[in-house]
Amino acid sequence: MTSHFTPMAKKTKTADPSADYMYAIETNALWRVYKVGAHLEVPALRGINLQIEPGHFIALKGRSGSGKTTLLNCLSGLDQPTSGMARVLGRDLMQMNDRQLTNWRREHLGFVFQSFGLLPALSAYENVELMLRIKGVRARERHDRTLYCLDLVGLRKWMDHRPYELSGGQQQRVAIARALANKPQLILADEPTGELDSSTAREILGLFQSIVREEHITMLMASHDGLVDEYVDMILQLKDGQVAE
Ligand code: ADP
Ligand code: MG
């Protein structure tokens, strides 16, 4: 691995050559067809075309089964599209092998999930800091960055608490701090408010909105929650694996 700590993506070019792109996410005729058994084929994505500029907060909406999770997985390289093109943060994912994809994800992407995904034995601080250990960041920098991210989500006072000592909204804030730890250029979130009551969901959406603005991150958030509309810059509606008008 080369540079461990490139600066946060800004409108100006950074030292990271892969930051030199017009679209944070670009797809062309992207298909994902799941084979189930010997005969059944489930087309989860049916020709997705996207051009998403950096620095935007985008909602990916659509009913359950419309392909939201599949699309997020294809954009992070966790799943392999059946055909088409996917270029994310300037990298053509189809041209990368598994090891390259893993490193690229670790360097540039952040993830937030519906069920938080925190490690129960670790404190809020340790959950965030672990990401930086995995990345090989040195102790001093790890400490500073972890505190910075916990501050961003308003949880510094709670940093020694374990997940079970925190509310759902606080746990999701820890997960957001963890997603921010590696200074990602893109955050992918899958139903991040799905387990929260509506006032907590609003807090989290407001937090996402300010993070996208202030940290200049692109965020693609799958959700079928009507609340999200007023917080995002754009809504992509998925219907049966296609972007609906
Ligand atoms: P959403 O996240 O919008 O609820 P998904 O992306 O999970 O939708 O699913 C889209 C479609 O693909 C659904 O019909 C689902 O049943 C199918 N699907 C998802 N994952 C698999 C899989 N691993 N194998 C077979 N079919 C799948
Ligand atoms: Mg889903």
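Taking only DSSP H segments of four or more residues, each worth -39500 (n - 2.57), what value at 222 nm results for the chain once the sum is divided by all its residues, to the nearest 500 deg cm²/dmol?
The per-residue figure over the chain is -10000 deg cm²/dmol.
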Among Ser167, Val153, Asn127 the positive-end extreme of the charge dipole of the chain (Cβ point charges) | Asn127
Assigning unit charges at the beta carbon (Lys, Arg +1; Asp, Glu -1) and nothing else, what dipole magnitude in debye, to the nearest 20, does the chain show about its Cα centre?
-> 640
Amide H neighbours of His161 under 5 Å, counting only residues 5+ apart in sequence or on other chains, H built in-plane at 1.01 Å?
-> Ala124, Tyr125
Can you give the Kirkwood hydrodynamic radius for the stretch 49-95, in Å, rounded to one decimal and based on Cα pairs?
-> 11.9
Given labels modelled 7 Å from the Cα in the Cβ direction, how far is it in nm from Met22 to Arg162?
-> 5.2
Could you tell me which helices of the chain pass both thresholds, a Cα extent of 24 Å or more along their own axis and a mean Kyte-Doolittle hydropathy of at least -0.5, with helices taken as whole DSSP H runs?
-> 198-215
Excluding same-chain residues fewer than 8 positions from Lys61, which aspartates and glutamates have a Cα within less than 16 Å of its Cα?
-> Asp190, Glu191, Asp225, Asp229, Glu230, Asp233, Asp240, Glu245
Counting all Cα-Cα pairs in the stretch 35-140, those more than 17 Å apart amount in percent to 66
Derived scalar couplings ³J(HN,Hα) [the stretch 185-191; Karplus, 6.51 cos²θ - 1.76 cosθ + 1.60; whole Hz; x for Gly, Pro] | 8, 9, 10, 10, 10, 10, 6
So how far apart, in nm, are the two label points at Arg63 and Arg46 if each is 7 Å from Cα heading toward Cβ?
-> 1.4
List, in order, the whole-Hz ³J(HN,Hα) value for each residue of the stretch 216-233 obtained from phi through the Karplus relation with A = 6.51, B = -1.76, C = 1.60 and θ = phi - 60°; use x for Gly and Pro.
-> 6, 10, 8, 10, 10, 10, 6, 6, 10, 7, x, 4, 5, 3, 7, 9, 9, 7
List every residue whose amide H lies under 5 Å from the amide H of Tyr34, counting only residues 5 or more places away in sequence or on a different chain, with H placed 1.01 Å from N in the peptide plane.
-> Val42, Ala44
Two pseudo-spin positions, 7 Å from Cα along C-beta at Glu230 and at Gln100, lie apart in nanometres by 4.5
Express in whole angstrom the spacing between the alpha-carbon centres of the stretch 98-119 and the stretch 139-165.
-> 19
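What number, in percent, do you get for the relative contact order of the chain if the mean sequence gap of Cα pairs under 8 Å and at least 6 apart is divided by its residue count? Before the final figure, lay out each step's value.
Values: 471 pairs, mean separation 73.1, N = 245.
Relative contact order comes out at 30 percent.
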Across 5 Å bins from the origin, how do the percents of Cα pairs in the chain run, short distances first?
-> 1, 6, 14, 18, 19, 17, 13, 8, 3, 1, 0, 0
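What is the packing order of peptides 49-61, 165-177, taking the mean over residues of other C-beta atoms within 10 Å and listing the highest first? All intermediate terms of the calculation are to be shown ahead of the outcome.
Numbers: 49-61: 19.5, 165-177: 21.8.
By packing density, highest mean first, the sequence is 165-177, 49-61.
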Simple Cβ-charge dipole of the stretch 75-203, Lys/Arg +1 and Asp/Glu -1, about Cα centre, in debye nearest 20 | 560
Identify the residues of the stretch 153-182 with backbone N under 20 Å of a label point that sits 7 angstrom from the Cα of Ala121 along the Cα-to-Cβ direction, or state none.
-> 160-166, 175
Given the Cα-Cα distance of Arg138 and Trp31 and 0.36 nm per residue of separation, how much length would full extension add, in nm?
-> 34.4 nm
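Just so you know, all these numbers are worked out from the coordinates, no wet-lab data involved. Quantities reported herein were computed from a predicted structural model and do not represent experimental measurements. Cβ: placed from backbone, ideal geometry, glycine included. Neighbour counts: every protein chain shown.
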